[in-house]
Number of protein chains: 2
Amino acid sequence: MAERITPRSESYSDWYVDIVLNAQLADYSPVKGTMVIRPRGYAVWERMQSALDAMFKETGHQNAYFPLLIPESFLKKEAEHVEGFAPECAVVTHGGGEELEEPLVIRPTSETIIWSMYKKWIQSYRDLPLLINQWCNVLRWEKRTRLFLRTTEFLWQEGHTAHASAEEAREETLRMLEVYRRFAEEYMALPVLTGVKSEAEKFAGAVNTYAIEAMMQDRKALQAGTSHFLGQNFAKAFDVTFQTAEGGLDHVWATSWGVSTRLVGALIMAHSDDKGLVLPPKLAPVEVAIVPIFKNQTKTEVLAYADKLNQTLKGSYRVVLDADDNNSPGWKFSQWELYGVPIRVECGPKDMQNNQVVLVRRDSGEKLPVAISEAPQRIGVLLQQIQQSLYDRALEFREANTRDIDNYDDLLAFFENDGGFARAAWSGSVESEARIKAETKATIRVLPFGNEQEAAGKRCVVTGEPARHMAIFARSY
Amino acid sequence: MAERITPRSESYSDWYVDIVLNAQLADYSPVKGTMVIRPRGYAVWERMQSALDAMFKETGHQNAYFPLLIPESFLKKEAEHVEGFAPECAVVTHGGGEELEEPLVIRPTSETIIWSMYKKWIQSYRDLPLLINQWCNVLRWEKRTRLFLRTTEFLWQEGHTAHASAEEAREETLRMLEVYRRFAEEYMALPVLTGVKSEAEKFAGAVNTYAIEAMMQDRKALQAGTSHFLGQNFAKAFDVTFQTAEGGLDHVWATSWGVSTRLVGALIMAHSDDKGLVLPPKLAPVEVAIVPIFKNQTKTEVLAYADKLNQTLKGSYRVVLDADDNNSPGWKFSQWELYGVPIRVECGPKDMQNNQVVLVRRDSGEKLPVAISEAPQRIGVLLQQIQQSLYDRALEFREANTRDIDNYDDLLAFFENDGGFARAAWSGSVESEARIKAETKATIRVLPFGNEQEAAGKRCVVTGEPARHMAIFARSY
């Protein structure tokens, strides 16, 4: 069962795959580039969905569902959009035994089909804002895939909103970026940088793309969510106008924003260790695993003791009692570590005599004997501490691996060695961005908010020209 | 806004479409045969999902996600299955700009891809039972489509379970049928008949198909959910064997079961009226709409009075306060009726003087003045009463339109007139079933449990041969 996990020091990418497969989060499917999300992985995604969905609803959004298949001609209506997405599309040419008159593409994202509907639904400023989200699957044909992080099919949510003014749409774009930041930090225990993407890295069809970016344990960046200000691009492509409050006619302003099952990959890469998965308590499908330790003669008593605790905890926590007697306690300890359960509770005959149990933290391995009567309350506190210390550890790691760099030789040296996040001044020119990418494989992950002011008086790390931005450079997933 | 709804007496099918479109439950999409589920419709589906998902989890099932695209060769591995589904498939022939080596079909159902994975996951009886459910979209190319009831793409859940014995798989099949029956009756307020399908009507690849069948207001039947005992058909097609507890080797036994967004169509057709949608409270996204009645001089007071009630109700009910002053109270009453909100609360200056509000039932139109202090408690009771009386009314209607018929002339006459559910003895022969279908358009909806015993001594309504079953015949959606 619990097969060997490649240590991170040996191969970070093998380690990652070993965790995904051995912790039964996902499996390779027979269709190239796609994956099966197994129950243990899907349960994490369900918890992510439920937290995000509540946050979307609190901010006034409603869910809806738009068709999977999009006429090929729709994609072509927005010039940048088709250029970005057409090469990644899966195309349906036959249906019901006949060749189709017009090929249909499986949605790589739904701006086009959604804006074709918004044209029907929006006439007046009274119909705005329109705040819709959709949970669904999308397909983007990928050459090199990686479980959760990059798969041909993935699950995601895509918000698509329509507004009466540019200001309102910009506010919405940033509001949802902030929802993503809060979700990443408060639920995933994942510190993120926020900011705007460079032109080269923005969404095909957007005016501006904002993102949250996190650092993984191999010091690479992972884009964990994006929020786009689409201007009037899609409204113009689909001719969606509205009567303004003043009686005029204007094109509608748009945003879109999304996060995907890629977040499960980010979660694994950010916190897990060589023993297996480490999950932040808020997203752990099981928070507490009780492992009774017994021999034949003590079995009945110890099981009863463990089950009493189990019953007490059930109302407040997601708990399992591992009463199976085919496997030794030691085997079970490893198994629950592999699955990433935040707290393991051990109890044997001696604990029973002392009216205690032993709480074991998954993140630190620390063992804490506590009186059984205090266990429920202590577990609650401990779960909060684990959530917080995963965040603190990830933040400390990111800060330790973020460097202010002011000359090109240092930048090259930084990425020749361990790498990480390099903060450097940048002229804003496409050429210098391309040169860094060619020579270091690092790209601009984000231009943090306020970067223009900070760049004032500085010189571009590549060209020595006056800088326009402070940028975060990193290699990325 | 509130356009005219065709009365049921004029055209039941136009009435249905008018409700769906005017109540903003769904809309036609630009892709033939597919639909957009709008927020008001999707919110009903979300409530259905959440109730069903809890019932699936209570019965030990876990969610997972399998790929959308299935290699064409997989479908062909089970002979009946490919015959049933291949003609309905959408086929992807190109991906990433290139022609694919093997065409991929968009899942019409997922037995084949799932059993190809079960082969990897199941080795021993210890791996069984495997109880997995998936919420997803599926595609079946349809010539004649109808919003919610029959669309090329639809949303559904599909359970796929694997067992060590035929008995256990049969038990699971019936357990899930019972889950569907309870859901239909307790949440949808929809009485259903349960039983087994005839050979002609069963799922392509099943040994037996069980179903829940409901009667709509036009007396037609609607299949609202199916649960299949698949025997070892898919295990044999994908060579999925397991080591038995006794050390032998056997093929795994299977079930699958599903319900879809078609249920939203059933819900509309079962309860709604010529004023619009009628929703059972348990599935209503909004349970209570408060409509204050005011003129300019009373606006502030009445709104404050209404909002106080709104705040009181919020903790316990899904409530909206319709404070908009662009529309008259009368217009708002119609609008909330159209949207199917179970209880409308009216309050004007006179009600305020009397410390009362008026509760108006959507199902009956009954108006109930109540003291404002008692409103929260009265609303709770009323919601339960509405839920129950929708069920009672639907049951009464079904019983009034179900006839025991023992000769063929009466059967023909029954379907020439109003029709409904005909209970009749049947020989079990494919020919007599086909003859009834050709001459009346009615099919066997279900052979109710215990039908064989009841048929003893009776003669087939078509052929006069000794009967083997009592069958329910009806025209259907």
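The values are calculated or read from the model by the stated rules, or taken from the named source; none is laboratory data. In this text, all values refer to a predicted model and were calculated from it rather than measured experimentally. FYI the Cβ positions are ideal-geometry reconstructions off the backbone, even for glycines, and counts take in every protein chain you see. With ligands, DNA and RNA removed, areas are computed over all heavy atoms of the protein, side chains included. Shrake-Rupley method; radii C 1.70, N 1.55, O 1.52, S 1.80 Å.
In table form, for the structure just shown:
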item	result
Some residue of the stretch A:62-69 being more than 7 Å from every other protein chain (Cβ to nearest Cβ) and either open to solvent by less than 30 Å² (accessible area, probe 1.4 Å) or touching a Ser or Thr at 6+ places or on another chain (Cβ under 6 Å) (or both)	no
Single condition B:Lys32 does not satisfy, out of (1) touching a residue at least 40 places away in the same chain (Cβ under 8 Å); (2) open to solvent by 10 Å² or more (accessible area, probe 1.4 Å); (3) touching a helix residue (DSSP H, G or I) at 6+ places or on another chain (Cβ under 9 Å); (4) under 19 Å from A:Ala90 (Cα atoms)	(3)
Single match in B:Ala211, B:Ala184, B:Ala189 (criterion: under 23 Å from B:Met35 (Cβ atoms), open to solvent by less than 20 Å² (accessible area, probe 1.4 Å) and either more than 14 Å from chain A (Cβ to nearest Cβ) or touching a helix residue (DSSP H, G or I) at 6+ places or on another chain (Cβ under 7 Å) (or both))	B:Ala184
Selected residue (only one of A:Asn137, A:Asn133 is surrounded by fewer than 22 Cβ atoms within 10 Å (Cβ to Cβ), within 25 Å of A:Met55 (Cα to Cα) and within 10 Å of chain B (Cβ to nearest Cβ))	A:Asn137
Single match in B:Arg150, B:Arg126, B:Arg144 (criterion: surrounded by fewer than 21 Cβ atoms within 10 Å (Cβ to Cβ) and closer than 27 Å to B:Asp239 by Cα)	B:Arg126
Complete set of residues in the stretch B:220-239 that are open to solvent by 30 Å² or more (accessible area, probe 1.4 Å), more than 17 Å from B:Ile113 (Cα to Cα) and not polar (S, T, N, Q)	B:Lys220
Scope the stretch A:405-461; condition assigned to a strand (DSSP E or B), open to solvent by 20 Å² or more (accessible area, probe 1.4 Å) and polar (S, T, N, Q); matching residues	none
The lone exception for B:Arg144 - which of (1) over 25 Å from the mean Cα position of the chain (by Cα); (2) more than 9 Å from every other protein chain (Cβ to nearest Cβ); (3) without any contact (Cβ under 8 Å) to a residue 12 or more places away in the chain it fails	(1)
Helices (runs of 4 or more DSSP H) completely within the stretch A:293-404 that count 1 or more residues being within 31 Å of the chain's Cα centre (by Cα)	A:299-314, A:329-338, A:375-400
Single unsatisfied condition, B:Ser11 versus (1) within 19 Å of the chain's Cα centre (by Cα); (2) surrounded by fewer than 16 Cβ atoms within 10 Å (Cβ to Cβ); (3) more than 13 Å from chain A (Cβ to nearest Cβ); (4) of a type outside the set (D, E, K, R)	(1)
Some residue of the stretch B:449-460 being touching a helix residue (DSSP H, G or I) at 6+ places or on another chain (Cβ under 8 Å) and either touching a residue at least 40 places away in the same chain (Cβ under 8 Å) or in the same structural domain as B:Thr209 (by TED's automatic domain parsing) (or both)	no
Count - residues of the stretch A:55-74 that are touching a residue at least 60 places away in the same chain (Cβ under 8 Å) and under 22 Å from A:Val179 (Cα atoms)	9
Residue count for the stretch A:339-365, restricted to those that are hydrophobic (A, V, I, L, M, F, W, C), in contact (Cβ under 8 Å) with a residue 40 or more places away in the chain and surrounded by fewer than 21 Cβ atoms within 10 Å (Cβ to Cβ)	1
Criterion: in contact (Cβ under 8 Å) with a residue 40 or more places away in the chain and in the same structural domain as A:Arg47 (by TED's automatic domain parsing) - qualifying residue of A:Leu249, A:Leu177	A:Leu177
Residues that are of a type in the set (Gly, Ala, Ser) and either closer than 17 Å to A:Thr34 by Cα or more than 10 Å from chain A (Cβ to nearest Cβ) (or both), drawn from the stretch B:75-128	B:Ala79, B:Gly84, B:Gly95, B:Gly96, B:Ser110, B:Ser116, B:Ser124
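Residue-by-condition table, conditions (1) among the hydroxyl-bearing types (Ser, Thr, Tyr); (2) open to solvent by 30 Å² or more (accessible area, probe 1.4 Å); (3) touching a residue at least 60 places away in the same chain (Cβ under 8 Å):
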residue	(1), (2), (3)
A:Asn296	no, yes, no
A:Asn310	no, no, no
A:Lys314	no, yes, no
A:Leu321	no, yes, no
A:Asn327	no, yes, no
A:Trp331	no, yes, yes
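Yes/no per residue for (1) over 18 Å from A:Leu277 (Cβ atoms); (2) at the interface with chain B (Cβ under 8 Å from one of its Cβ atoms); (3) part of a helix (DSSP H, G or I); (4) in contact with a His (Cβ under 6 Å, 6 or more places away or on another chain):
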{"site": "A:Asp18", "(1), (2), (3), (4)": "no, no, yes, no"}
{"site": "A:Leu21", "(1), (2), (3), (4)": "no, no, yes, no"}
{"site": "A:Asp27", "(1), (2), (3), (4)": "no, yes, no, no"}
{"site": "A:Gly33", "(1), (2), (3), (4)": "yes, no, no, no"}
